[in-house]
Amino acid sequence: MNNKVKLLSIFVSLGLVLIHVSKASAQDTLTLSLEGAVKYALQNNTDIRNALLDLQSANRKIWETTAIGLPQVSAKAQYSNIFKVPELSFGSFLDPGLLPTDRPLTAQDIANAYVESPPVKLGVKESTTFDFTVSQLLFNGSYIVGLQASRIYYQLSDQNVQRTQLEVASSVRDNYAMLLVAAENIRILKQTRDNVGKLLEETREYYRQGFVEQTDVDQLEVTWNNLGNSLRQVESAYDIGKRMLKIQLGIDLREEIKLTDSLPALINFPGIEQSLAQTFDPQRSIYYRLLETSERLARLDLNREKTEYLPSIAAYYNHQEKTKRPEFDFQPKDVIGISVEWNLFSSGQRMARVAQKRLALEKTRNLKDYQTRALQVQARQLADQLAVKRDAYFNNQKNLELARQIYERSLIKYREGVGSSLDLTVNQNQYLNALSGYYQSVFDLISAHNQLDKILNNLPLN
């Protein structure tokens, strides 16, 4: 009975191990839709993670700046050892106890009553001092402006996170579509190469029977070889694109990924028409908001420089303890006071710095106005480009269907012996070119829509 129980436990343990292994194997391949890939990248992309770390650092910067205006406590300990303690002597003095009382005083008695006073040490040979200070900033113009700037810097970091997320999402969408196009090209090239291979074998057999010439065989063999070269190039580009997507997703290059969406699913014609009809609003663009925040920081930088004309006021309390005190110590143990620091004259340095900051602010405003106009022009160009890519897509779609029909008819004629291999090759190349142009137009349409939605801030970031 015990052996059966042991055997059963072994099988159960083995089954659990196999289940764990099967789960681990299933996790080796990451299956992603387009939206799933974007969501995964938003959580794991290195640039986004670093931007979030910068945001956390900006949040800590706010507290660092705030703490400058809060009470500051410091303690200091100091040990000192004086090789030779300085002494102070007060000279000789009359000691009344040395004057005789049983007879009249003489001049000699008075002279004998003068004695030398003992020297007074003005310090101690060794001592340890403990110093405790509490200070509180009462007024400082730079502190007030710096506190405002730290909060705006946090806002700038937050906007930088949004910009990074937007660019990563756009890049992932482009790369995802490019991989689907490459995969479709690989499939078509493989299928075409297989068909040409079969046709090549048939033509060789016709040649052996004397129905066709050697030129027909050679022509098909050249086509078959060219298809192989094209296939290897596309496969190489697909592998490179896949590695780039893994980097964007923030996953290990050894991990396998599987893309589940199809190309037609990525083309959103209602969304395209909606984006084309939308007017560019600078306030919705993260790039414009970044320019506004930069202008606010430049304005605060100017205000900070202006506060250098104002005084800095602080209150303090100091307590000091010494392990050994000299006989004459005029240092008080407790001191409370207010310090005022005011730089009244700087020979025009502050004026020059204020002028520089004012020019920097004007430069920032000019750059903001220029880039705002550039964003408006870019939005118009992207909309025009999307409209062109949309029309090109429909044209290439028609061309592909026509080229396919021509190729199929020439293939039928060739097999019936009424068409030449040269005509077949020309029509086949025409079909492949149409196929390549079609898939390129698919990618161009998706990418153009993606770029327009990015500047319009229409890309979902969830």
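Does at least one position in the stretch 265-277 carry a residue that is in contact with an Asp or Glu (Cβ under 7 Å, 6 or more places away or on another chain) and farther than 21 Å from LEU32 by Cβ? Scanning the stretch 265-277 turns up at least one residue that is in contact with an Asp or Glu (Cβ under 7 Å, 6 or more places away or on another chain) and farther than 21 Å from LEU32 by Cβ. Applying a threshold of 8 Å to beta carbon distances and a minimum spacing of six or more residues, or different chains, the list of pairs starting in the stretch 178-197 at a residue that is in contact (Cβ under 8 Å) with a residue 40 or more places away in the chain and ending at one that is basic (Lys, Arg) reads LEU179/LYS242.
Within the stretch 110-135, residues that are among the aliphatic types (A, V, I, L, M) have Cβ atoms under 8 Å from residues that are at pLDDT below 85 and surrounded by 15 or more Cβ atoms within 10 Å (Cβ to Cβ) in these pairs: LEU122/PRO326; VAL124/PRO326, counting only partners at least 6 apart in sequence or on another chain. Only one entry in ASP334, ASP391 is surrounded by fewer than 16 Cβ atoms within 10 Å (Cβ to Cβ) and closer than 30 Å to SER80 by Cα, namely ASP334.
Note on the stretch 229-345: enclosed strands (runs of 3 or more DSSP E) holding 3 or more residues that are over 30 Å from LYS125 (Cα atoms) and more than 28 Å from the chain's Cα centre (by Cα) are 312-322, 334-341.
Residues are listed down the side, and each one gets a yes or a no for (1) without any contact (Cβ under 8 Å) to a residue 12 or more places away in the chain; (2) under 41 Å from the mean Cα position of the chain (by Cα); (3) over 30 Å from PRO270 (Cα atoms); (4) surrounded by 12 or more Cβ atoms within 10 Å (Cβ to Cβ):
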| position | (1), (2), (3), (4) |
| --- | --- |
| SER347 | yes, no, yes, no |
| ARG358 | no, yes, yes, yes |
| TYR370 | yes, yes, yes, no |
| VAL377 | yes, yes, no, no |
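Listed residues VAL145, VAL134; which is more than 30 Å from GLN430 (Cα to Cα) and surrounded by 16 or more Cβ atoms within 10 Å (Cβ to Cβ)?
Just a single option satisfies the conditions, and that option is VAL145.
Okay, residues lined up against (1) surrounded by fewer than 18 Cβ atoms within 10 Å (Cβ to Cβ); (2) out of contact with any Gly (no Cβ under 7 Å at 6 or more places or on another chain); (3) under 23 Å from LYS242 (Cβ atoms); (4) modelled with pLDDT under 85:
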position: MET178; (1), (2), (3), (4): no, no, yes, no
position: ARG187; (1), (2), (3), (4): yes, yes, yes, no
position: GLU201; (1), (2), (3), (4): yes, yes, no, no
position: ARG208; (1), (2), (3), (4): yes, yes, no, no
position: GLN214; (1), (2), (3), (4): yes, yes, no, no
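For the stretch 381-401, the condition of being modelled with pLDDT under 85 and among the small types (Gly, Ala, Ser) holds for none of the residues. If only one of SER294, SER236, SER230 is of a type in the set (Ser, Thr, Tyr) and without any contact (Cβ under 8 Å) to a residue 40 or more places away in the chain, which one is it? It is SER236. Test PRO270 against the criterion of being in contact with a Phe, Trp or Tyr (Cβ under 7 Å, 6 or more places away or on another chain), surrounded by fewer than 17 Cβ atoms within 10 Å (Cβ to Cβ) and not small (Gly, Ala, Ser), and give yes or no. Against the criterion (in contact with a Phe, Trp or Tyr (Cβ under 7 Å, 6 or more places away or on another chain), surrounded by fewer than 17 Cβ atoms within 10 Å (Cβ to Cβ) and not small (Gly, Ala, Ser)), PRO270 does not qualify.
The test for being in contact (Cβ under 8 Å) with a residue 24 or more places away in the chain and among the basic types (Lys, Arg) holds for ARG284. Annotation: of all residues in the stretch 412-433 being surrounded by fewer than 19 Cβ atoms within 10 Å (Cβ to Cβ), in a helix (DSSP H, G or I) and among the aliphatic types (A, V, I, L, M), the one that is nearest to the chain's Cα centre (by Cα) is VAL426.
Restricting the stretch 148-176 to residues that are among the hydroxyl-bearing types (Ser, Thr, Tyr) and under 19 Å from GLY36 (Cβ atoms), the residue that is surrounded by the most Cβ atoms within 10 Å (Cβ to Cβ) is TYR176. Candidates in the stretch 437-462 are the residues that are within 27 Å of the chain's Cα centre (by Cα) and aliphatic (A, V, I, L, M); of these, the one that is modelled with the lowest pLDDT is LEU461.
Among the residues of the stretch 157-204, those that are charged (D, E, K, R) and over 12 Å from GLN248 (Cβ atoms) comprise ASP158, ARG163, GLU184, ARG187, LYS190, ARG193, ASP194, LYS198, GLU201, GLU202, ARG204.
The residue pairs whose first member lies in the stretch 21-40 and is modelled with pLDDT of 50 or more, whose second member is surrounded by fewer than 10 Cβ atoms within 10 Å (Cβ to Cβ), and whose beta carbons are closer than 6 Å, counting only pairs six or more residues apart or on different chains, are THR29/LYS258; THR31/LYS258. Counting only strands (runs of 3 or more DSSP E) wholly contained in the stretch 91-168, the ones carrying 3 or more residues that are at pLDDT 90 or above occupy 126-139. The single condition from (1) crowded, with 17+ Cβ neighbours inside 10 Å; (2) at pLDDT below 90 that ARG284 fails is (1).
Taken over the stretch 141-171, the criterion of being over 16 Å from the mean Cα position of the chain (by Cα) and among the aliphatic types (A, V, I, L, M) is satisfied by ILE144, VAL145, LEU147, ALA149, ILE152.
Return the pair list, or none, for Cβ contacts closer than 9 Å from residues in the stretch 143-156 that are touching a residue at least 60 places away in the same chain (Cβ under 8 Å) to residues that are of a type in the set (Ser, Thr, Tyr) and not in a helix (DSSP H, G or I), at least 6 apart or on different chains. Matching pairs, first to second residue: TYR143/SER312.
The values are calculated or read from the model by the stated rules, or taken from the named source; none is laboratory data. Note that the structure is predicted; figures quoted are calculated from it, not measured. Because the Cβ atoms are built from the backbone with ideal geometry, glycine has one as well, and the counts that use them run over all protein chains shown.
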